[in-house]
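**Q** The structure is given below, and queries will be raised subsequently.
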Amino acid sequence: MNQWDFDTSFAFIRAIGDAFINAYLPIVRRRKAAAYTVQQREFQEFRRGRYVEFNLVYDRGTLFGLQSGGRTESILMSLPPQVRWGYDWKAAPGSEEARLTEYFLTDRDWLADN
């Protein structure tokens, strides 16, 4: 890709964007009115909290902005509006949250698993 000219690169990226929209919008339309439980919302907020943790502790761009005296409000604008932290949080055994956590949040060589 580094050897493509601008027009070829732009057409490629545009095709990716178009394919994403065509694939994602039907999912959004189908699920936008789906109900969710308090437990599901709390899990979402917990996962968002882990994102905030990563962003503030490990993300080099965020760290650079904060350490270099950048505008804190501008740097933190990408953070989710509602998050949750829980000390030593564990999903309820057998729950959907446990299934997701056990499958996706364990160390794994994703390329070798195919």
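**Q** Being surrounded by 10 or more Cβ atoms within 10 Å (Cβ to Cβ) and charged (D, E, K, R) is the filter here, so list the residues in the range 80-114 that pass it.
**A** Scanning the range 80-114 gives Arg84, Glu96, Glu97, Arg99, Glu102, Arg108.
**Q** Right, something else. Given (1) within 24 Å of Thr37 (Cβ to Cβ); (2) of a type in the set (Phe, Trp, Tyr); (3) without any contact (Cβ under 8 Å) to a residue 24 or more places away in the chain, identify the lone condition not met by Tyr51.
**A** (3)
**Q** If Met77 satisfies all but one of (1) among the aliphatic types (A, V, I, L, M); (2) under 27 Å from Glu102 (Cβ atoms); (3) at pLDDT below 90; (4) exposed (fewer than 10 other Cβ atoms within 10 Å of the Cβ), what's the number of the condition it fails?
**A** (2)
**Q** Looking at the range 82-98 only, could you name the residues that are farther than 15 Å from Phe46 by Cβ and either part of a helix (DSSP H, G or I) or of a type outside the set (Gly, Ala, Ser) (or both)?
**A** Residue satisfying the conditions is Pro93 alone.
**Q** If I ask for residues that are over 13 Å from Arg50 (Cα atoms) and under 17 Å from the mean Cα position of the chain (by Cα), which ones from the range 82-101 would you list?
**A** Glu97, Leu100
The values are calculated or read from the model by the stated rules, or taken from the named source; none is laboratory data. None of the values given here were measured: they were computed from a predicted structure. All Cβ positions, even for glycine, are placed from backbone atoms using ideal geometry, and neighbour counts span all protein chains on display.
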